[in-house]
Structure formats: structure tokens, C-alpha cells
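Structure record follows, encoded as C-alpha cells.
The values are calculated or read from the model by the stated rules, or taken from the named source; none is laboratory data. These numbers come from a predicted model, not from an experiment. Please note: Cβ atoms are built from the backbone with ideal geometry, for glycine as well, and neighbour counts cover all protein chains shown.
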Amino acid sequence: MVSPLFFYQLTLIALVWLCLMLQWMWPSDSAACPTIPEPLPPLPKRKREPTPFAGLTTSPSKVLLFLVTLCLSQGEEIL
């Protein structure tokens, strides 16, 4: 009778041979036809001055100014 170690070694050799054959026979797309990457499209040009937000005010409101002057006239501290 043949030792089980013989079958284990035979199986190992068969698996190594199979891996080598698959590596050798497997098609390699990158090596067969090298492709040149397409150039990236140019970045869109940015406007020189961004448009301000429509709800943004450039000066403080009159109500805020009134409240600040009222608090200062009463001697309270503001932040």
C-alpha cells in the first residue's frame, strides 16, 4: 500500500503546476496592447469676482443699530 504522504506531495505538485500554467496562459491585456490614457478635459474657468449672496446685506439693519444704541445708552455691555 502507498503512503498517504505520497498523495499529499503529488497533490501539492499538481497544484503548483496548475498555478504556473494558469499564470503563463492567462491573457494579459495590459501587456498585449498598451493604451495611452486620454488627457483630462480642461478645468472650467472661474469668474473673477464671485457674485454675492442675494440675501446678504452690506450694512447692518436699522433695528440692530437702534438696539445697540439703546443698550449703550442704558450702560449695558455688549459682547
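Some points to look at:
- Here Trp17 clears all of (1) in contact with an Asp or Glu (Cβ under 9 Å, 6 or more places away or on another chain); (2) at pLDDT 90 or above; (3) of a type outside the set (S, T, N, Q) except the condition numbered (1).
- Set side by side, the residues Ser28, Ser3 differ, and just one is exposed (fewer than 10 other Cβ atoms within 10 Å of the Cβ), small (Gly, Ala, Ser) and modelled with pLDDT of 85 or more, which is Ser3.
- Considering region 57-79, and only residues there that are modelled with pLDDT of 80 or more and of a type in the set (Val, Ile, Thr), the residue that is surrounded by the fewest Cβ atoms within 10 Å (Cβ to Cβ) turns out to be Val63.
- Condition met for Ala54 (part of a helix (DSSP H, G or I), at pLDDT below 80, out of contact with any Phe, Trp or Tyr (no Cβ under 9 Å at 6 or more places or on another chain) and of a type in the set (A, V, I, L, M)): no
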